[in-house]
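Sharing a structure below in structure tokens format, with a few things to ask.
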Amino acid sequence: MTAAVASPSNGIASRNKPRKERLQHIGMLWCLPYVIVFLGGTIIPMVYAFYLGLFKQQMIGGEQFAGLANYIRALQDPLLWDGFRRVLVYGIIQVPLMTVLSLLAALMLDSQRIKHVAIPRILLFLPYAVPNVIAALMWSYIYGTDYGLLGQFFHLFNAQAPDMMSADLMIFGFVNISTWVSMGYNTLIYYSSLRALPEELYESARMDGASEFRIAWSIKIPQIRSSVVMTLLFNIIYALQLFNTPSMMQTIAPEVVSSYYTPNLYTYSLAFQGQDINYAAAVSLVVGIFTMVIVSLVKMLGNKWEEK
């Protein structure tokens, strides 16, 4: 008979297995706070909103089960899709503009040709510390055609200032406010990613005769693709969920910024002004699903770009 010989590697593996399981359990404990917040702040409210959307408030009989009637109504609501059209136009203009300007600013800061780089870095980030409500009030004064800064500037040349608070130009006013507020935040993300790149990449490229533009286009930007994709997703979500600035502008220009100007503003108006909580819940869920679909498509395209 032959005796079985235990392998030393099998013994080591059996001793390490309980330790790996303990480490996995510790990792799950560290993730537990995030899971709790995610469930309490996202999943449970979405389930509750879906539940509310299944009912309808009647004048006689109170709340009654309506099935998917509220969701079908939301999908056919012209006011909701009119708001989506506005935020899509806003996003198509604002997101690329924000990305390009932030990248240019980050590349300028990283060029090592600016002395005392901390000063422009702070000045760029400073508007991000301004609340959206204050930013909207400040820019509404600047946009004034008679007594605002823009109007006074055009009056110096005896010219008529463009009415940024009009229906045709209000979207561009929102684009300007959002870019002014958030550009510094995006710039710091790109700048931090650029500072983490090894300097040897640039030195070898310069020795090969590459210009600074070529280095930025072929080395720096491709190396920070993940940061660009991340900020793109954040900016797209912000564009589709636009609320604070239109809500503030509604009090200044109510004839232009209606209660359904953006999907989020429409949902807020339904819930707190129209007191139609059930339909507002259905609309909010449709808005959330539409946002997730758009973000998922952009994420898929971003993943393909990162893999190149």
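Restricting to the stretch 33-67, give me the number of residues that are at pLDDT 85 or above and part of a loop (DSSP other than H, G, I, E, B).
Number satisfying all stated conditions: 4.
Consider the stretch 63-122. How many of its residues are assigned by TED's automatic domain parsing to the domain that holds residue 176, buried (at least 20 other Cβ atoms within 10 Å of the Cβ) and among the hydroxyl-bearing types (Ser, Thr, Tyr)?
Residues that pass the stated criteria total 2.
Among residues belonging to the stretch 142-162 that are in a helix (DSSP H, G or I) and of a type outside the set (Gly, Ala, Ser), point out the one that is nearest to residue 253 (Cα to Cα).
The extreme case among them is 142.
Output the residues belonging to the stretch 235-245 that are in contact (Cβ under 8 Å) with a residue 40 or more places away in the chain and not β-branched (Val, Ile, Thr).
235, 238, 239, 240, 241, 242, 244
Counting only residues that are more than 18 Å from residue 173 (Cβ to Cβ), crowded, with 18+ Cβ neighbours inside 10 Å and not aliphatic (A, V, I, L, M), which one in the stretch 226-258 is farthest from the chain's Cα centre (by Cα)?
Within the stretch 226-258, the match that is farthest from the chain's Cα centre (by Cα) is 227.
Related question: Restricting to the stretch 287-300, count the residues that are over 20 Å from residue 247 (Cα atoms) and touching a Leu at 6+ places or on another chain (Cβ under 7 Å).
Going through the stretch 287-300 one residue at a time, the tally reaches 4.
Okay, moving on. Check whether at least one residue in the stretch 289-308 is in contact (Cβ under 8 Å) with a residue 60 or more places away in the chain and farther than 24 Å from residue 100 by Cβ, and report yes or no.
Scanning the stretch 289-308, I find at least one residue that is in contact (Cβ under 8 Å) with a residue 60 or more places away in the chain and farther than 24 Å from residue 100 by Cβ, so the answer is yes.
Name the residue that is nearest to residue 224 (Cα to Cα), counting only residues in the stretch 181-209 that are of a type in the set (A, V, I, L, M, F, W, C) and crowded, with 16+ Cβ neighbours inside 10 Å.
194
Answer yes or no as to whether residue 161 is without any contact (Cβ under 8 Å) to a residue 60 or more places away in the chain and crowded, with 17+ Cβ neighbours inside 10 Å.
Spelling it out, residue 161 is indeed without any contact (Cβ under 8 Å) to a residue 60 or more places away in the chain and crowded, with 17+ Cβ neighbours inside 10 Å.
Go through (1) part of a helix (DSSP H, G or I); (2) free of Cβ contacts under 8 Å to residues at least 12 places away in the same chain and name the single condition residue 137 misses.
Against the list (1) part of a helix (DSSP H, G or I); (2) free of Cβ contacts under 8 Å to residues at least 12 places away in the same chain, residue 137 comes up short only on (2).
The values are calculated or read from the model by the stated rules, or taken from the named source; none is laboratory data. Owing to the predicted nature of the structure, the values given are computational and were not obtained by experimental measurement. Here Cβ is always computed from backbone atoms with ideal geometry, including for glycine, and neighbour counts include all displayed protein chains.
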